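K.L.:
First the structure, then my questions, so here it is.
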Amino acid sequence: MPGRVVEHGDDGTSGDTSAEPDDGAAERAREAAHAARDREAASTAKVGTFASLKIHNYRIFFAGAVVSNTGTWMQRIAQDWLVHTLTGSAAAVGMTIALQFLPMLLFGLYGGVLADRVDKRKLLICTQASMGITGLVLAALTLSGNVEVVHVYALAFILGVVTVLDNPARQTFVSDMVGPGLLRNAVSLNSANFQTARIVGPAVAGVLIGAVGSGYAFLFNGLSFIAPVTGLLLMRTAELNSAERAPRSKGQLREGLRYVGSRPDLLWPIVLVGFIGSFGFNFPIWVVAFTDRIFDAGAGTYGLLNALMAVGSLTGALIAARWGTSRTRWTVASAGLFGTLLMVLAGAPTLWIFAALLIPTGLVGMTFMISGNTSLQLASDPAMRGRVISLYMMVFLGGTPFGGPLMGWLTDSYGPRVALVLAGAICATAALGVAMALGRVGGLKLRVRLRRGEPLLAFVPRHPAKGTDAAADLPADAPVKDGAATGGTTGRPAPAG
């Protein structure tokens, strides 16, 4: 007969036992109780900016990510500058980015299927270690003086293959650590972590490149992955809020695609993410080109500009960490504003105006990414979450093999200003198109009104009820009957996102 443990007070210490206890089982039960209490307290209270850090496993995960993200940004800056130095071509920088994200386009959905099937923590240990090895190999080639652009291309592609498995597992593992109540907060803190590293990493990389070359930035990145691997190994597995794994069966990929296709609240935001990811997030190309060709500056200025954009992204992430909900309308609105800011950025007449505009551009871009990621995760069934997020990542990153080279070619042929303003116009148009598509599904239409004191643009009922004001705005999150707005053919009510 298993031992009965009687707990006293809030400290979780055990009192008198009526039988010889199973110490291991009792300890695991206490850890699970502590974790559940932490999650409940954090999710029922008003969400603070750093609420998720109250959870032990997430603290370890976050700390390891601080180190590895800094190394990742150091490598990104050093890699882009190395390719530009070796080739003198913005298109070559775009090709490097394209090769890194091509595997996501080709195999991204399979990564989501695997993330739904296996232990995410163990999978992440393997992928994080593999990423570290690619950084060490690139460091060895660069420090030995044998690096060529083809080596950078090959290692970028290999890193992309590992990312196919790492991204969906890492994104959905956040929910396992903190639960749904703190998901948005944790996703926002992850983004803040990444953007903080984006401030530090480029600044350090710029100094290293100017002083000793790119090789030491690659070396630091390779070694930095020791931190997250160690954190994953030290986690308390009993405290994880793991979703039930999907059993291995045929047709799981098609099942995921059918699921998204039947849910307009998932499908249209993913379409929008595809446009923004393909055409809007090509800053390595544009910032390199503006730094070198427009403002005639060097690697130090390039690192500074990346750091300033990261300041805006970090601000956006910290603001989002305090939001209690994620709504699709914020995803669409931030996408439209992001496209508009890109067009304004393209016309910046001086280096300092360009630098200043990067801050709000980074803020709005981060708002879009967090809102899209969180709303999709919260709206998805847990058993489908890996496949939904893999599709999200596939279109966001997988569009880069098309958009990156195209924007690189436009930058080389017509100048960075033309390429950037065209990218902004595409993003803004895509946001408007998706807004109208979602409105049509929800039985709404776009109203344009120039009357003072009223919104210029608003969605109103397509067929207002008799006796109501046809110009009255319908709340963005109001449920719509017959599967409209968000339910699709599933008959689900409109989710909060």
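The values are calculated or read from the model by the stated rules, or taken from the named source; none is laboratory data. As the structure is a prediction and not an experimental result, all values here were calculated from the model. When we count neighbours, we look across all protein chains shown, and the Cβ atoms used for this are built from the backbone with ideal geometry, even at glycine. Ligands, DNA and RNA are stripped out before the accessible areas are found, and what is left, the full protein with its side chains, is counted by its heavy atoms. Shrake-Rupley method; radii C 1.70, N 1.55, O 1.52, S 1.80 Å.
K.L.:
Using only alpha carbon pairs under 8 Å that are at least six residues apart, calculate the relative contact order of the range 346-437 and give it in whole percent.
P.N.:
After rounding, I find 29 percent.
K.L.:
While we're looking at this one, here's another question. How large, in percent, is the carbon and sulfur part of the accessible surface of the range 310-381 at a probe radius of 1.4 Å? Working shown, then result.
P.N.:
Details: 1830 of 2460 Å².
C and S atoms contribute 74 percent here.
K.L.:
Using +1 at the C-beta of Lys and Arg and -1 at the C-beta of Asp and Glu, which of Met235, Gly206, Ala92 has the Cα lying farthest in the positive direction of the dipole of the range 51-240?
P.N.:
Met235
K.L.:
Would you mind getting the accessible area per residue of the range 252-451, heavy atoms of the protein chains only, 1.4 Å probe, in Å²?
P.N.:
Using a 1.4 Å probe on heavy atoms only, each residue of the range 252-451 averages 35 Å².
K.L.:
Find out how many positive minus negative residues lie around Thr172, taking Lys and Arg as positive, Asp and Glu as negative, among other residues whose Cβ is under 9 Å from that of Thr172.
P.N.:
On the way: positive: Lys120, Arg170, Arg385; negative: Asp116, Asp176.
Result for the local shell: +1.
K.L.:
Also, I was wondering about something else. Rolling a 1.4 angstrom probe over the protein heavy atoms, how many square angstrom per residue are accessible across the range 51-240?
P.N.:
Using a 1.4 Å probe on heavy atoms only, each residue of the range 51-240 averages 35 Å².
K.L.:
Once you keep just the Cα pairs under 8 angstrom separated by 6 or more residues, what percentage relative contact order results for the range 51-240? Don't skip to the answer; put the middle values down first.
P.N.:
On the way: 246 pairs, mean separation 90.1, N = 190.
It comes to 47 percent, rounded to a whole number.
K.L.:
Give the residue list of chymotrypsin sites (Phe, Trp or Tyr not before Pro) in the range 397-441 that are DSSP loop and have at most 15 other beta-carbon atoms within 10 angstrom.
P.N.:
Passing sites in the range 397-441 do not exist.
K.L.:
Another question, then. With all protein chains present, how much of the accessible area of the range 51-240 (probe radius 1.4 Å) comes from carbon and sulfur, to the nearest whole percent?
P.N.:
Numbers: 4610 of 6610 Å².
Here it works out to 70 percent.
K.L.:
With the radius of gyration and the Kirkwood radius both derived from the Cα set of the range 51-240, what is their ratio Rg to Rh?
P.N.:
Values: Rg = 16.9 Å, Rh = 17.1 Å.
Across the range 51-240, the Cα-based Rg/Rh ratio is 0.99.
K.L.:
A further question on this structure: For the range 252-451, what is the charge dipole size about the Cα centre, in debye to the nearest 20, if Lys and Arg each add +1 at the Cβ and Asp and Glu each add -1 at the Cβ? List each step's numbers first, then the result.
P.N.:
Values: 15 positive and 6 negative charges, 194 e Å.
Its charge dipole is roughly 940 debye.
K.L.:
Still on this model: What relative contact order, as a whole-number percentage, does the range 252-451 give when Cα pairs under 8 Å and 6 or more residues apart are counted?
P.N.:
38
K.L.:
Taking +1 at the Cβ of each Lys and Arg and -1 at the Cβ of each Asp and Glu, which of Phe275, Leu357, Ala379 sits farthest along the dipole of the range 252-380 towards its positive end, judged by Cα position relative to the Cα centre?
P.N.:
The Cα lying farthest towards the positive end belongs to Ala379.
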